[in-house]
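> The structure's right below; bear with me while I get my questions together.
Bear in mind that the values in this text are calculations on the coordinates, not laboratory data. Please read these numbers as outputs of a predicted model, since none were measured by experiment. Heads up, the Cβs are rebuilt from the backbone with ideal geometry, glycines too, and the neighbour counts pull from every protein chain shown.
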Amino acid sequence: MIQRGLEPGRGNWQIPGGYVEDDEEIASAVEREVFEEAGIKANVEKVIGFRHSANLNGLSSPNLYVVFRLKHLSGEPRFDGEETIDAGYFSMSEIENKQGIQTLSLWAIKLAFTSDRNMGFVSQDSFFEPRAGRTVFGIES
């Protein structure tokens with residue numbers, strides 16, 4: 001988890017994440033964000049959930065937040081002192097007792113801890129004719 005260093009939500013705890021750039025594939029973006037925010041090199045394994053926010057009140061941009069299960073490759077949690085002001089691995093009990101934990105992050109962490117590691121959506125790109133920038137996830141067969 002990382003502790004946000006920027007507003008909105010400075011000081012709150014959450015899973016690392018961020019935006020996919022226009023010229024970036026989603027798995028690469030996830031891996032980049034986790035490294036930038038937490039110093040962890042990891043590979044995307046599966047999609048385990050998502051949250052969609054519509055712009056019903058005209059106050060926010062619509063967005064889709066996808067939660068991935070990652071495989072740790074290397075690195076220990078670290079923070080940069082600007083975007084993040086703390087980072088670490090925590091037990092479920094420590095997470096549940098943290099002040100300022102983002103609800104979406106708590107849901108995602110509980111989902112990751114309680115779901116079968118074999119469940120989730122995996123890349124289905126091999127089924128399709130290659131097209132730069134397209135990524136397709138589906139139920140593992």
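> In what order do HIS52, HIS72 fall by count of nearby beta-carbon atoms within 10 Å, going from fewest to most? It would help to have the intermediate numbers written out before the result.
Numbers: HIS52 9, HIS72 12.
Taking fewest neighbouring Cβ atoms as first place, the list is HIS52, HIS72.
> Below 8 Å, C-alpha to C-alpha, sequence gap of six or more: please give me the relative contact order for the chain in percent.
Normalised by residue count, the contact order of the chain is 26 percent.
> Gaussian network model of the chain, Cα springs within a sub-10 Å range: biggest mean-square fluctuation belongs to which of ALA27, ALA54, ALA42?
ALA54
> Would you mind working out the magnitude of the charge dipole of the range 2-139 relative to its Cα centre, with +1 at each Lys and Arg C-beta and -1 at each Asp and Glu C-beta, to the nearest 20 Debye?
Numbers: 14 positive and 21 negative charges, 115 e Å.
It comes to approximately 560 debye.
> Give the aspartates and glutamates reachable from LYS110 as a straight Cα distance under 19 Å; neighbours fewer than 8 places away on the same chain don't count.
Once the sequence-local aspartates and glutamates are set aside, what remains near LYS110 is GLU45, GLU94, GLU96.
> Please give the contour-minus-distance gain from VAL136 to SER93: 0.36 nm per residue of separation, less the Cα-Cα distance, rounded to one decimal in nm.
12.0 nm
> Also: Check cross-link reach from LYS41 to the lysines: straight Cα distance under 17 Å, and skip same-chain residues fewer than eight apart.
List returned: LYS71.
> Work out, step by step, the length gained on full extension between PHE128 and LYS110: first 0.36 nm times the residue separation, then minus their alpha carbon distance; give nm to one decimal.
Roughly 3.2 nm would be gained on extension.
> How much net charge surrounds ARG69 when only the other residues with a Cβ under 9 Å from the Cβ of ARG69 are counted, with Lys and Arg +1 and Asp and Glu -1?
With Lys, Arg at +1 and Asp, Glu at -1, the neighbours total +2.
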